[in-house]
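Below is one structure; the comments refer to it alone.
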Amino acid sequence: MRHRLAQGFAPKMRPMPPKKSGIVGVLDIGTSKVVCAIARLKPRGASDVLTRRTHAIDVLGIGHTRAHGIKGGAIVDMAKAELAIRQAVDMAERASGVQIASVVVGVSGGRLASQHYEAAVRLTAPAVEEFDIRRVLEAASTYGVGDGQAVMHALPVGYSLDGRRGIGEPCGMLGRQLGADMHVITADLTALKNLVLCVERCHLSIEAMVAAPYAAALSSLTDDEMELGVTLIDMGAGTTTFAIVAGGHCLYVDGVALGGQHITNDVARGLPARLADAERMKALHGAVVAVSSDDHDMLTVPPLSGDSRDQPHMVPKSRLVTIVRPRAEEIVELVRDRLKASGHAGDAGRRIVLTGGAAQLQGLPDLVARLIGPQVRIGRPLGVSRLPEAARGAAFAVTAGLLVYPQVAGLEHFEPRRRQAVVGESPNYFGRVGRWLKDSF
């Protein structure tokens, strides 16, 4: 049965059992590329670096193609986007020898936003029981999401006992009142519905929809970084999103509708050049910090007409830098301002991890260190085996994070009574959802 986006809630998947293996298919639908990966998740032993992972990830096949019909992470042309998704899925299925019927989908558009809710309940016994934890999470789930918004994630980030915060696992502890803090990540409902429709037109159901910066954090951050506090900035082609992680929890996500494609557009206008040539020059020679040799290094710009009979023109590399740097600075400054406004920066603002294709611009870590925080590194997928060489960089952090997500899906909480039908939903669907919720929680 085709999975429908329930009113106000994105699809949520069943957690991966810690002692069972399984095949997972994921789709990272971005502005510049669509990536499909198929992997086998196998129970793993203890790890010194990634202790939160219960499974090893063995990539069976991966396919990626240029995105069409997508702008700012959202669908703008259904037919073109569908074709790109079909091509990526077909490549991954051929490479893996496995056919998939469902996928975990990454979401970078749709105006990701965060909200925090708190609730408390009186304990009926001297010690906290599982029933009390369920009660307080249900109480924290009585949040009101604005019209046109959908809940993507509902993450419990901490508990309190009799007003004392910082409790990770309250079960069995003594107290009179149990409190919970819930982090809710939302996105535009219309954008998610169109994304669901596009994927379903490819004869795939959606297991879950995951915010891109959260996914990138799952794949690229070490346990120490997640515990001490870090900001992951995912710089895609159409959007730049970020996630603040501390105490082992994702505390905040946000983003701006600017990315690497906007830098490419600036280069195409400023030189001038065709978009394809501008993208190539940005990737090969683009930088945000000038060096003395830039005035002497000359770049060949193919004719705008594309006619081989027209002569190309030459520009110094310094010209390219003067075009790239202002837009890169604008993006980083906007993220800095959003980070400060979040109220969650603190130590997380001192440690920055950069992912996404645009993060590979030469000199970008130095720019981020100057404008946001002193400790900056480029993030890459960690603990994922058999990734092709081309997929081991920052541009594929979200894809790898979607493969990690099934291991942490059980951390989320949704109040069953708040799940309501959309027009045309069958009653049998709710029977299955009810049984799934009962089994999962």
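Data table
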read-out	value
Residue match in region 147-163 (condition: in contact with a Phe, Trp or Tyr (Cβ under 7 Å, 6 or more places away or on another chain), touching a residue at least 60 places away in the same chain (Cβ under 8 Å) and of a type in the set (Val, Ile, Thr))	yes
Boolean, Thr142 is closer than 18 Å to Met209 by Cβ, open to solvent by 40 Å² or more (accessible area, probe 1.4 Å) and outside any strand (DSSP E or B)	no
Answer from Arg350, Arg392, Arg377 - the residue that is of a type in the set (Lys, Arg), open to solvent by 50 Å² or more (accessible area, probe 1.4 Å) and modelled with pLDDT of 95 or more	Arg377
Among the candidates Val157, Val128, Val136, residue that is surrounded by 12 or more Cβ atoms within 10 Å (Cβ to Cβ), on the phi < 0 side of the Ramachandran plot and under 23 Å from the mean Cα position of the chain (by Cα)	Val157
Residue identified as at pLDDT below 95, in contact with a Gly (Cβ under 9 Å, 6 or more places away or on another chain), more than 21 Å from Phe242 (Cα to Cα) and open to solvent by 10 Å² or more (accessible area, probe 1.4 Å) among Arg418, Arg386	Arg418
The listed residue being crowded, with 18+ Cβ neighbours inside 10 Å, in contact (Cβ under 8 Å) with a residue 12 or more places away in the chain, among the polar types (S, T, N, Q) and farther than 19 Å from Val404 by Cβ, out of Ser114, Ser108, Ser96	Ser114
Selection count, region 75-100, where residues are touching a Gly at 6+ places or on another chain (Cβ under 8 Å) and either under 30 Å from Pro17 (Cα atoms) or part of a strand (DSSP E or B) (or both)	13
Residue in region 250-273 that is under 21 Å from Leu364 (Cβ atoms) and among the acidic types (Asp, Glu) present	yes
Every residue from region 243-302 that is more than 15 Å from Arg327 (Cβ to Cβ), touching a Gly at 6+ places or on another chain (Cβ under 9 Å) and among the basic types (Lys, Arg)	Arg274
Scan of region 176-189 for residues that are without any contact (Cβ under 8 Å) to a residue 60 or more places away in the chain and either buried (at least 21 other Cβ atoms within 10 Å of the Cβ) or assigned to a helix (DSSP H, G or I) (or both), ordered by number	Leu178
Pairs where the first residue, in region 378-394, is closer than 21 Å to Gly363 by Cα and the second is in a helix (DSSP H, G or I) and open to solvent by 80 Å² or more (accessible area, probe 1.4 Å), C-beta under 9 Å, 6+ apart	Ile378/Gln360; Gly393/Gln360; Ala394/Gln360
From Ala328, Ala369, residue being surrounded by 17 or more Cβ atoms within 10 Å (Cβ to Cβ) and either out of contact with any helix residue (DSSP H, G or I) (no Cβ under 8 Å at 6 or more places or on another chain) or in contact (Cβ under 8 Å) with a residue 24 or more places away in the chain (or both)	Ala328
Filtered residue count, region 382-410, keeping only those that are more than 15 Å from the chain's Cα centre (by Cα), part of a helix (DSSP H, G or I) and within 15 Å of Ala39 (Cα to Cα)	2
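The values are calculated or read from the model by the stated rules, or taken from the named source; none is laboratory data. Everything numeric here is computed off the predicted structure, so don't read it as measured data. Here Cβ is always computed from backbone atoms with ideal geometry, including for glycine, and neighbour counts include all displayed protein chains. Please note that ligands, DNA and RNA were not included when accessible areas were found on the heavy atoms of the full protein model with its side chains. Shrake-Rupley method; radii C 1.70, N 1.55, O 1.52, S 1.80 Å.
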